[in-house]
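Below is one structure, written out as structure tokens, with a few remarks after it.
Here, each number is a calculation from the coordinates, and none is a lab measurement. Remember, predicted model here, so these are calculated numbers, not experimental data. Cβ sites come from the backbone with ideal geometry, for glycine too, and all protein chains shown count toward neighbours.
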Amino acid sequence: MSDSYKTILNPLTTEKAVRLMETENKLLFRVAKNSKKTEIKKAIEELFKVKVLKVTTLHTPKGEKRAYVRLSPENQAIDVATELGLM
């Protein structure tokens, strides 16, 4: 379990992140710089008990790494965000 917490640093709740939750069933997380997409997918599935379809990563100009995680249709991103206390 500790590897999952080292990979996923925290969820992000920006206006764009909320819009992605509603329209594309995606969640946005800040992740460790050295994490790979497969590690991020495994960590999200393990921590939140959901099925992940796709992970896209982005390096920000501030030096952060973000992961856009698309969930399967049977798992709603809004429900996961509510469970986390983001909504």
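A few comments on the model shown:
- Nearest-20 debye value, the chain charge dipole, Cβ charges on Lys, Arg, Asp, Glu: 480 debye
- 14 Å reach of a label modelled at residue 14, 7 Å along Cα-to-Cβ, counting backbone N of region 24-53: 27-31
- Based on the Stokes-Einstein relation at 25 °C and a viscosity of 0.890 mPa s, and on the Kirkwood radius from alpha carbon pairs, the chain is assigned a translational diffusion coefficient of 193 µm²/s.
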